[in-house]
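Heads up, the thing below is written out as structure tokens.
Every read-out reported here was derived from the displayed coordinates using simple, explicitly stated rules and does not represent laboratory data. Just so it is clear, the structure is predicted and the values come from calculations on it, not from any experiment. A quick note on method: Cβ atoms are made from the backbone with ideal geometry, for glycine too, and the neighbour counts reach across all protein chains shown.
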Amino acid sequence: MISLYIVLQYVLQIYSWIVIAYVIAGLLIAFGVVNAYNRAVNIVYEFLTRMTEPLLRPIRRVLPRMGQIDLSPLVLLLGIMLVSLLLTEYWPRGTAQPPG
């Protein structure tokens with residue numbers, strides 16, 4: 001049972017890093033630091049977009065617009081942290097050990 005808990009925690013951590021990478025890549029492209037027409041950059045950004053958009057899209061529908069600032073990744077990261085904390089709190093006692 002503890003292995004399922006550890007796998008779920010690692011999945012949440014990895015997804016958090018994917019969201020952070022998506023935000024950083026978007027900023028680098030928006031400010032012209034990296035060329036969006038570069039094939040490698042395009043492949044990485046496309047992968048990050050496909051991984052994050054299914055969860056960001058519903059948040060963007062509910063969240064009001066703040067000009068050019070997109071706060072949906074921040075809301076998603078807070079949601080991931082909440083799920084992780086709830087998972088730790090409500091997992092059966094004696095079997096939950098936080099990973100790493």
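Looking only at the range 47-73, which residues are assigned to a loop (DSSP other than H, G, I, E, B) and touching a Ser or Thr at 6+ places or on another chain (Cβ under 6 Å)?
The one that is assigned to a loop (DSSP other than H, G, I, E, B) and touching a Ser or Thr at 6+ places or on another chain (Cβ under 6 Å): Leu63.
Looking at the range 9-34 only, could you name the residues that are surrounded by 12 or more Cβ atoms within 10 Å (Cβ to Cβ) and over 17 Å from the mean Cα position of the chain (by Cα)?
Selection gives Leu28, Ile29, Val34.
Based on what the data block shows, is Val44 surrounded by 13 or more Cβ atoms within 10 Å (Cβ to Cβ), among the β-branched types (Val, Ile, Thr) and not in a helix (DSSP H, G or I)?
So Val44 fails the test.
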